[in-house]
Amino acid sequence: MHDTVIVGGGLCGLSLADSLCGMGRSFALYEARNRLGGRILSVQCGSIRLDLGPTWYWPDMQPRMARLVSDLGLESFPQHDIGTVRHLSDAEKEPVTVRLADVHGGARRISGGMAAMVDALARRLPQESIRMERELVSVCSRETHVELLFRSFGVNEIVRAKRAVLAIPPRLLEEKVDFAPGLDTKVRDAMRATHTWMAGQAKAVVGYEAPFWRQAGESGNAFVSHSQAVLGEIFDACDAGGQHAALGGFFALQPGYRASVHPESMTMLISSQLVQVFGLEAECGEQRMQDWASEPFTCSALDLEPPEGHPEYGDANLCLPLWGNRLFLAGSETAGYGGGYMEGALEAAARVSQMLLLCA
Ligand SMILES: Cc1cc2nc3c(=O)[nH]c(=O)nc-3n(C[C@H](O)[C@H](O)[C@H](O)COP(=O)(O)OP(=O)(O)OC[C@H]3O[C@@H](n4cnc5c(N)ncnc54)[C@H](O)[C@@H]3O)c2cc1C
């Protein structure tokens, strides 16, 4: 029987595993996907690795992120915001140029993409403690332990542990995983009410030979606010030195519409909008896209409906130990500080790590 099983190999699960490792505590980490990182995803686009999940952290407000980046020896650099900003508010007209200072509020990026953090954390863990492509299906409370049922390529596997930490977005957990006995109504309600941050969003990155916008005095930031907008928010995604050029953008199109568009047509839609905003040079980029709304291990059915602004996270019902200190909920959405962000994932991991210390 395992001492602790962590389910979910996103930043929260990895950070908790790292902390247990540091304390010399044994654990096993189970992950449904064939990669670690969860919502953190960096992909190769030409000669540069670009983020299709989180891109930024804010060291002034996110001390855990700042410390982790430094502890792991990762190189960070400021988000490029220097230059003018484009705004396109009417599909039939030309964009206007505006001046907006510090659009991303002191955000920093990581060289090699956010996945560099995932890679560095994973390297510190004993490889035999990580089990990939295991989807948690149910969790059952037994007298002395917890029993977890995983499915991998149609084969069921029962895993026993003294305690389990579920580092999975609470809404997804409530929707997809069975609990026996069922969880308290207050906990279930809180899980359902907790939006999985950015789960219904989609992102695109486009690699170019040169940062032509910088050469024209533009920042690469653009906002497209008309009703047919494809990408609503665009930003510079070049590497630290600006030698490898790229733009990134968040989709303005809703999940249902995105799902109905053929990938090749989407590529053309993105390209033509970029040309309208930045001119002909923006036409020939290499595109990568990720639609998080169609990711079964990120987005629940309720998450398809966007929240109004950034929700308040950290419902106390999600932070308490369950089943007599044998079951713990984690993940960024359970954090009282930085909830929804990577900072929240680290805060939640630290909270659970402290609680596990108390139940040696
Ligand atoms: C497009 C986008 C942009 C973002 N931008 C930023 C940003 O700039 N800055 C920022 O701070 N944050 C940003 N975020 C949010 C950030 O990505 C999250 O806060 C953070 O990655 C959450 O980490 P987590 O470990 O809590 O959850 P997740 O990363 O969601 O990890 C959960 C893990 O559980 C696994 N899992 C799910 N179900 C099961 C199951 N049944 N069985 C086993 N495993 C399962 C998943 O595969 C995943 O690996 C962004 C997110 C997205 C999608």
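A short reminder: the numbers here are calculations on the coordinates, not readings from a lab. The structure displayed is predicted, hence computed values, not measured ones. A quick note on method: Cβ atoms are made from the backbone with ideal geometry, for glycine too, and the neighbour counts reach across all protein chains shown.
Measure off 7 Å from each Cα along the Cα-to-Cβ vector at Tyr257 and Leu304, then give the distance between these two points in nanometres to one decimal.
1.6
Got a sec to turn the phi values of region 307-318 into Karplus ³J(HN,Hα) couplings, 6.51 cos²θ - 1.76 cosθ + 1.60 with θ = phi - 60°, whole Hz, x for Gly and Pro?
Result, rounded to whole Hz: x, 8, x, 7, x, 7, 10, x, 4, 4, 5, 9.
Once each part is reduced to its C-alpha centroid, what is the distance from region 143-198 to region 45-67 in angstrom?
Answer, in whole Å: 29.
Just tell me which lysines come within less than 28 Å, Cα to Cα, of Lys93; anything on the same chain fewer than 8 places away is out.
The reachable lysines, counting only those whose Cα sits under 28 Å from Lys93, are Lys203.
222 nm [θ] for the chain, helices only, -39500 (n - 2.57) per DSSP H run of 4+, per residue, to 500?
On the way: 9 runs with 89 residues, N = 360.
Calculated at 222 nm, the ellipticity per residue is -7000 deg cm²/dmol.
Cut-off under 15 Å on the C-alpha distance; same-chain residues fewer than 8 positions from Lys162 excluded. Which aspartates and glutamates are left, in chain and number order?
Asp3, Glu143, Glu147
How big is region 1-106 on each of its three principal axes, counting only the C-alpha atoms and giving the largest first in Å?
65, 29, 26
Treat the count of other C-beta atoms within 10 Å as a stand-in for reagent exposure and order Trp58, Trp213 from fewest to most.
Lowest to highest Cβ neighbour count: Trp58, Trp213.
Please list 3J(HN,Hα) in residue order for region 229-238, calculated via the Karplus relation 6.51 cos²θ - 1.76 cosθ + 1.60 where θ = phi - 60°; whole Hz, with x for glycine and proline.
After applying 6.51 cos²θ - 1.76 cosθ + 1.60, I find 4, 8, 9, x, 9, 10, 8, 6, 10, 5 Hz.
Taking R0 as 45 Å, what's the FRET efficiency between Cys21 and Ala101 from their Cβ-Cβ distance, rounded to 0.05? Don't skip to the end; give the middle numbers.
Values: r = 43 Å, r/R0 = 0.95.
According to the calculation, E is roughly 0.60.
Rounded to whole Hz and in sequence order, give me ³J(HN,Hα) for region 201-208 from the Karplus expression 6.51 cos²θ - 1.76 cosθ + 1.60, θ = phi - 60°, writing x for Gly and Pro.
After applying 6.51 cos²θ - 1.76 cosθ + 1.60, I find 8, 9, 9, 10, 10, 9, x, 10 Hz.
Shape of region 235-297 from its Cα gyration tensor (a ≥ b ≥ c, root eigenvalues): rounded if a/c is under 1.5, otherwise prolate when a/b > b/c, or oblate?
Cα axes put region 235-297 in the oblate bin.
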